[in-house]
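Engineer: What follows is a structure written as structure tokens; I'll ask about it next.
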4 protein chains.
Amino acid sequence: MITEADVEQYLTSLSNWGRWGPDDRLGTLNLITDEVRVAAASQIRSGRTLSLSRDIDPEAPDALGSGIALVQRFTGLHEVADHFDGKALRFDAVTEYVGISAHGSNTHVDGLAHYSWEGKNYNGFPESDTTSRFGAKSLSVHHAEAGFVTRGVLLDIAALHEVPWLERGHAVTPEELEAAEERQGVRVRPGDALLVHTGNVAAILTDGPDAVGPGARQAGLHASCLPYLCERDVAVLGNDGVQDAQPSGFGLDFLRPIHTVGLVALGLWLIDNMQLTELAKVCQEERRWEFLFAALPWRMVGATSSASNPVAVF
Amino acid sequence: MITEADVEQYLTSLSNWGRWGPDDRLGTLNLITDEVRVAAASQIRSGRTLSLSRDIDPEAPDALGSGIALVQRFTGLHEVADHFDGKALRFDAVTEYVGISAHGSNTHVDGLAHYSWEGKNYNGFPESDTTSRFGAKSLSVHHAEAGFVTRGVLLDIAALHEVPWLERGHAVTPEELEAAEERQGVRVRPGDALLVHTGNVAAILTDGPDAVGPGARQAGLHASCLPYLCERDVAVLGNDGVQDAQPSGFGLDFLRPIHTVGLVALGLWLIDNMQLTELAKVCQEERRWEFLFAALPWRMVGATSSASNPVAVF
Amino acid sequence: MITEADVEQYLTSLSNWGRWGPDDRLGTLNLITDEVRVAAASQIRSGRTLSLSRDIDPEAPDALGSGIALVQRFTGLHEVADHFDGKALRFDAVTEYVGISAHGSNTHVDGLAHYSWEGKNYNGFPESDTTSRFGAKSLSVHHAEAGFVTRGVLLDIAALHEVPWLERGHAVTPEELEAAEERQGVRVRPGDALLVHTGNVAAILTDGPDAVGPGARQAGLHASCLPYLCERDVAVLGNDGVQDAQPSGFGLDFLRPIHTVGLVALGLWLIDNMQLTELAKVCQEERRWEFLFAALPWRMVGATSSASNPVAVF
Amino acid sequence: MITEADVEQYLTSLSNWGRWGPDDRLGTLNLITDEVRVAAASQIRSGRTLSLSRDIDPEAPDALGSGIALVQRFTGLHEVADHFDGKALRFDAVTEYVGISAHGSNTHVDGLAHYSWEGKNYNGFPESDTTSRFGAKSLSVHHAEAGFVTRGVLLDIAALHEVPWLERGHAVTPEELEAAEERQGVRVRPGDALLVHTGNVAAILTDGPDAVGPGARQAGLHASCLPYLCERDVAVLGNDGVQDAQPSGFGLDFLRPIHTVGLVALGLWLIDNMQLTELAKVCQEERRWEFLFAALPWRMVGATSSASNPVAVF
């Protein structure tokens, strides 16, 4: 059993700071090389494709009870007449203003500026580089312009335990990740998008959140998975939850160690609150747990998040 | 030379209404079959990848002068302390609320509810299905959950004329599309994402917009390209502009015939204001104008737009 | 007992259309003449002043459960450094972007464009004058630039019944209004701001809403008060609720007859969801139920609402 | 001529910290006593009333070129049908979401949390009391719930110089304030709302801003007026500009000394960018420069600003 001191040590021992140069802003996305993409393309065999996102719905902006998610849509009707002094033309157009706080319930990418530790972001960029006016100046999501196109691997921990979802608070261990690899006949390798199916989102959507806000119990990864993520050189970590098992088993400074160590030390891009239920079913049907994975964060300057619709292509 | 009556006739003669059933909400995305995706995967050879979007920047929300584009980002600093009664922890988090009117200057997908003709959207859905409260109820972009993963083809009309960009107002004809096919040794086929490079965005970014709002002259497709788009069964049309040459050469009812006939009759998904300059250069270097194309609209219920970062993988 | 046909008849019989000219946009505010203001000034005797608004709080945007109220505040920290390239100066500034949907729970003015009947607003302006782009073109709240500065009269119906609040759904009759006048020794006259204390808001804040949305039972005025409001030439009607007793006792077309007949036929400005508990107490202490009333809607072009902080000065 | 050291000294010598208790959040509003309000009421003689605000217009959100003002209005059409499953009723309702950054061009109240000096706000509250999540926790504008109802005095400096507006950059001195008092036969006294007419807003609206952002030259008060404001115990300072003459004549730390010393040391509430042109004309016509002044900031918890429509009643 690791201690809080071990987790703190990970911030140093697992660090990728400097690995891709002192000015690197991409972190583990450097692992998605051209070769990795070519190899990933060979995963496309049947063309079967499915979305790994849930709907983003202004009528249910915070379905998982994060307490911070927000979705708004203001629709502009009859825009054509409005542009032509009220003159009715035969065609018409609709527009909208959409507002979103993607962190929280909705399926979203976490950029590297999202978390800091003692005033530092990934690669040593100071937290103070993020300001109200300019947002994240050094580690904005728009740097990830080539997107995440790589091999995806699903490790189905719920299936490993033969349940539709793990219990709230279940903390997945590296041993479980390895057991799932063995059961599925797959091995996570550098540059992969690793998706971990716990069934957590399905559980919340079925039975409701345990609580609203950071006190809710959720299935997720235990901090002891961090060396695995580092050794395997995972490029993107996705999860049907907030990555971290909640509670984490540690004090408040390590409320979310996968976030803190992952984003800050490893420079690991995260995708929270994915919808993996259907994917797990399809993998089982297809008897394979690897596929082409694509997620394309928007090029929003200064943002730490991107609501995203990742897809798997078999 | 076609007349306005011809364009109006296209609304009927080129119509895909009913082709994929009376309740179809996907239009030309039906053309991206599993087989099309498998064939598209074979385009990945070197793994070289590039973004086809411009930055979305709150400091320059309407760089092309559309008059309607809007980008806002409100950053939440020190969110961790705020959640724990001001108690300073060793980690910290940044969040944001982002607001966007994607229609206009920014690279974005146009969903099928964006345009209507005489009160009808694609497949006969009434324009009145779109309301202030619920947005686009019938033809929301979130239906396109599998995204656009298909073969991309760039037809480089600027290169055909050996210029970096076509003149403002240049209206690309179907003959030019075919000449570009011949010059490049490629042929657009069903399910393709067809990208047309006019250099229009580069011209505006270099020399400024001609005017703010719908009166600006822009290079784009002439309405006579519509039969070509229909016959070739293009699934997605992308452009470094607003698709339509402006002025269109017709009256106000056909201010934007590619939009009107494309979205309403063909059910053709559009991607406006792409950044194709770099792509054109890479295609020339690689001596091939086809690649895997991926764009993944978000699953925003009720929206007619999605700011997107499409990519090309060679 | 009046019938639905009677209420419909009020739309004609109580109409102020044309009374102040065919282009009038102020409705009953015309009744606040200079003389009315001079008389109102004489109400100020002790100078005791109190707010008649509740807090507008992003942490509790919809405390009354209207289902539509929204309050957001995005704070900009360290704006000075952001303006001077990060250079730390000795002074600093905070700004904010505030977003509000005032209709619903918060204390707000209803402008005359808020409601229409069969396509017409007050004075015959067409409902279609209100558009997505321009908002309320004809009857925007910004026309009320002189504000509401007049005599205020509180009629305390809860006190008439010797209760802190009337039962949910209690529909105040004109007889009760007159009984309150008699009990209090006051008479409502032309140009007055009439405030009706039912205790409804206090009841909801204490016991919670009956339901979220328009199905909730609330104390308020019965439609039969409309002739009273018209005959007395009330300029502004305020209430610790949504004016209308809910349910109204009529069909859906007359879900809110005080709103519909008041705004459309009388041109009567409304202030919903006021905080009148303290005012009722002070009136009782002071043994007078009249005072200078001031509410100053903002000059927001095209809006139908204004979150407001009305005050009473004794 | 005062020096920068003198201005810095004002932060101490003119300080009202502690004057109204260690927890006071109202500053100079404490000077608007009941007696002051009773005396102010006697100013109402003719009832003539006028607005001292400019329109707040989404079509011209930053008419003065502040670079930070923002006004948005998203209108909800046909809200009734949307609430009743599309069923058309005979009445209809319009709502809106309005978003505003009031600091900048629009007429607005500056609350005491807007400015800080070396980490401290008025009365010693730490600047860090203002956070992204909660806004201004200690010195929010909602504390000013009784509003500003007091005697207003206009000192017309433009008229003193017999011009419609002072030159850009003109810095009004205390001698000019006193000369205007003498010319007008009025004397500013404790609890007054002092309005200073420079014509600055009229000049900008006529000839355009000098520049966008803090570099623009503007007429306003010179820092040497601060002792006058303190000695006279002004409760509210209003201006057709940003209060401060720009440039201020001092270094960047004292870019806006009226703001910094006024808000932080005196606890003086400010109203920026008022429309005083009409008021100056009316005062001249009425041959009196005092009136009842009313401004009613909204009760927005955590805000440092309130778009406001102040009025003068003669």
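The values are calculated or read from the model by the stated rules, or taken from the named source; none is laboratory data. Quick caveat, the model's predicted, so the values are computed rather than measured. Every residue, glycine as well, gets a Cβ built from its backbone with ideal geometry; the counts of neighbours run over all protein chains shown.
Engineer: Just checking: which of the strands (runs of 3 or more DSSP E) contained wholly in the stretch A:246-314 hold 1 or more residues that are away from every other protein chain (no Cβ under 11 Å)?
Structural biologist: A:269-272, A:290-295
Engineer: Limited to the stretch B:94-115, what total is found for residues that are closer than 23 Å to C:TYR97 by Cα and part of a strand (DSSP E or B)?
Structural biologist: Number of matching residues: 7.
Engineer: Within the set of pairs 6 or more residues apart or between chains, which connect a residue that is under 11 Å from A:TYR122 (Cα atoms) inside the stretch A:18-30 to a residue that is hydroxyl-bearing (Ser, Thr, Tyr) with Cβ atoms less than 7 Å apart?
Structural biologist: Pairs that qualify, where the first residue is under 11 Å from A:TYR122 (Cα atoms) and the partner is hydroxyl-bearing (Ser, Thr, Tyr), are A:ARG25/A:SER138; A:GLY27/A:TYR122.
Engineer: How many of the residues making up the stretch B:118-133 are in a strand (DSSP E or B) and within 14 Å of chain D (Cβ to nearest Cβ)?
Structural biologist: So the count comes out to 3.
Engineer: Could you tell me whether any residue of the stretch D:24-32 is among the acidic types (Asp, Glu), assigned to a loop (DSSP other than H, G, I, E, B) and either at pLDDT below 95 or farther than 22 Å from D:PRO247 by Cα (or both)?
Structural biologist: yes
Engineer: Evaluate the following for D:ARG19: is it closer than 26 Å to D:ALA294 by Cβ, in contact with a His (Cβ under 6 Å, 6 or more places away or on another chain) and more than 10 Å from chain C (Cβ to nearest Cβ)?
Structural biologist: Criteria not met by D:ARG19.
Engineer: Report every pair of residues separated by at least 6 positions or lying on different chains whose Cβ atoms are under 6 Å apart, first residue within the stretch A:110-130 and farther than 15 Å from A:PRO257 by Cα, second buried (at least 17 other Cβ atoms within 10 Å of the Cβ) and of a type in the set (Ser, Thr, Tyr).
Structural biologist: Note: pairs meeting the criteria are A:GLY111/A:THR304; A:ALA113/A:THR130; A:ALA113/A:THR304; A:PHE125/A:SER138; A:GLU127/A:SER116; A:ASP129/A:SER138.
Engineer: If you go through the stretch C:96-112, how many residues are more than 7 Å from chain D (Cβ to nearest Cβ) and among the charged types (D, E, K, R)?
Structural biologist: Result for the stretch C:96-112: 1.
Engineer: Right, something else. If you scan the stretch B:217-245, which residues turn out to be assigned to a helix (DSSP H, G or I), in contact (Cβ under 8 Å) with a residue 12 or more places away in the chain and not small (Gly, Ala, Ser)?
Structural biologist: Answer for the stretch B:217-245, where residues must be assigned to a helix (DSSP H, G or I), in contact (Cβ under 8 Å) with a residue 12 or more places away in the chain and not small (Gly, Ala, Ser): B:CYS225, B:LEU226, B:PRO227, B:TYR228, B:LEU229, B:CYS230.
Engineer: Next up: So, of the residues in the stretch A:54-86 that are polar (S, T, N, Q) and farther than 30 Å from B:GLY215 by Cα, which turns out to be modelled with the lowest pLDDT?
Structural biologist: The extreme case among them is A:SER66.
Engineer: Going through the stretch A:34-69 one residue at a time, which ones are hydrophobic (A, V, I, L, M, F, W, C) and farther than 30 Å from A:THR150 by Cβ?
Structural biologist: Hit for the stretch A:34-69 is A:ALA60, nothing else.
Engineer: Filter the stretch C:149-167 down to the residues that are crowded, with 19+ Cβ neighbours inside 10 Å and assigned to a loop (DSSP other than H, G, I, E, B) and list them by number.
Structural biologist: If the condition is that a residue be crowded, with 19+ Cβ neighbours inside 10 Å and assigned to a loop (DSSP other than H, G, I, E, B), then C:TRP165, C:LEU166 are the ones that fit.
Engineer: Another question, if that's okay. In this structure, is D:ALA69 touching a Pro at 6+ places or on another chain (Cβ under 7 Å), more than 8 Å from chain C (Cβ to nearest Cβ) and free of Cβ contacts under 8 Å to residues at least 40 places away in the same chain?
Structural biologist: yes
Engineer: I've got another one for you. Would you please name the residue that is nearest to D:VAL109 (Cα to Cα), looking only at residues in the stretch D:186-216 that are part of a helix (DSSP H, G or I) and under 17 Å from the mean Cα position of the chain (by Cα)?
Structural biologist: D:VAL201
The rows are residues; the columns are (1) within 11 Å of chain C (Cβ to nearest Cβ); (2) farther than 22 Å from A:ALA136 by Cβ; (3) free of Cβ contacts under 8 Å to residues at least 12 places away in the same chain.
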site	(1), (2), (3)
B:ARG73	yes, no, no
B:LEU77	yes, no, no
B:PHE91	no, no, yes
B:VAL94	no, no, no
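Engineer: Additional query: Suppose we keep only residues that are among the charged types (D, E, K, R) and under 14 Å from the mean Cα position of the chain (by Cα) within the stretch A:217-245. Which one would you say is surrounded by the fewest Cβ atoms within 10 Å (Cβ to Cβ)?
Structural biologist: A:ASP244
Engineer: I'd like the full set of residues that are of a type in the set (A, V, I, L, M) and farther than 23 Å from A:GLU181 by Cβ, limited to the stretch A:290-310.
Structural biologist: A:LEU296, A:MET300, A:VAL301, A:ALA303, A:ALA307 - these are the residues of the stretch A:290-310 that are of a type in the set (A, V, I, L, M) and farther than 23 Å from A:GLU181 by Cβ.
Engineer: On the basis of being touching a residue at least 60 places away in the same chain (Cβ under 8 Å) and over 16 Å from C:ALA102 (Cα atoms), does C:LEU14 make the cut?
Structural biologist: Criteria met by C:LEU14.
Engineer: Same structure again: List the number of the failed condition for A:GLN43; all other conditions in (1) within 7 Å of another protein chain (Cβ to nearest Cβ); (2) assigned to a loop (DSSP other than H, G, I, E, B); (3) out of contact with any helix residue (DSSP H, G or I) (no Cβ under 7 Å at 6 or more places or on another chain); (4) at pLDDT 95 or above hold.
Structural biologist: A:GLN43 satisfies all of (1) within 7 Å of another protein chain (Cβ to nearest Cβ); (2) assigned to a loop (DSSP other than H, G, I, E, B); (3) out of contact with any helix residue (DSSP H, G or I) (no Cβ under 7 Å at 6 or more places or on another chain); (4) at pLDDT 95 or above except (1).
Engineer: Here's a follow-up. Among the residues in the stretch A:140-147, are any among the polar types (S, T, N, Q), part of a loop (DSSP other than H, G, I, E, B) and at pLDDT 95 or above? Spell out the reasoning first.
Structural biologist: Taking the stretch A:140-147 and keeping what is among the polar types (S, T, N, Q), we get A:140.
From what's left, part of a loop (DSSP other than H, G, I, E, B): A:140.
Okay, now just the ones that are also at pLDDT 95 or above, so A:140.
Yes, there is a match, as at least one residue in the stretch A:140-147 is among the polar types (S, T, N, Q), part of a loop (DSSP other than H, G, I, E, B) and at pLDDT 95 or above.
Yes or no, residue by residue, for (1) under 30 Å from B:MET274 (Cα atoms); (2) under 21 Å from the mean Cα position of the chain (by Cα); (3) of a type in the set (Gly, Ala, Ser):
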residue	(1), (2), (3)
A:PRO61	yes, yes, no
A:VAL71	yes, yes, no
A:PHE74	yes, no, no
A:GLY86	no, no, yes
A:VAL94	yes, no, no
A:LEU112	yes, yes, no
A:ALA136	yes, yes, yes
A:VAL141	yes, yes, no
A:THR150	yes, yes, no
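Engineer: Something else now. Just to be sure I understand, how many residues within the stretch D:96-110 are more than 17 Å from the chain's Cα centre (by Cα) and crowded, with 24+ Cβ neighbours inside 10 Å?
Structural biologist: 2
Engineer: Separate question: Give the residue, chosen from D:ASP62, D:ASP82, D:ASP34, that is farther than 22 Å from B:SER101 by Cα, more than 7 Å from chain C (Cβ to nearest Cβ), in contact with a strand residue (DSSP E or B) (Cβ under 8 Å, 6 or more places away or on another chain) and surrounded by fewer than 21 Cβ atoms within 10 Å (Cβ to Cβ). Write out each step before concluding.
Structural biologist: Numbers: D:ASP62 fails: farther than 22 Å from B:SER101 by Cα; D:ASP34 fails: more than 7 Å from chain C (Cβ to nearest Cβ).
Criteria check complete, one pass: D:ASP82.
Yes/no per residue for (1) within 14 Å of chain A (Cβ to nearest Cβ); (2) over 18 Å from A:ALA81 (Cα atoms); (3) crowded, with 24+ Cβ neighbours inside 10 Å:
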residue	(1), (2), (3)
C:SER116	no, yes, yes
C:GLY135	yes, no, yes
C:HIS143	no, yes, no
C:GLY147	no, yes, yes
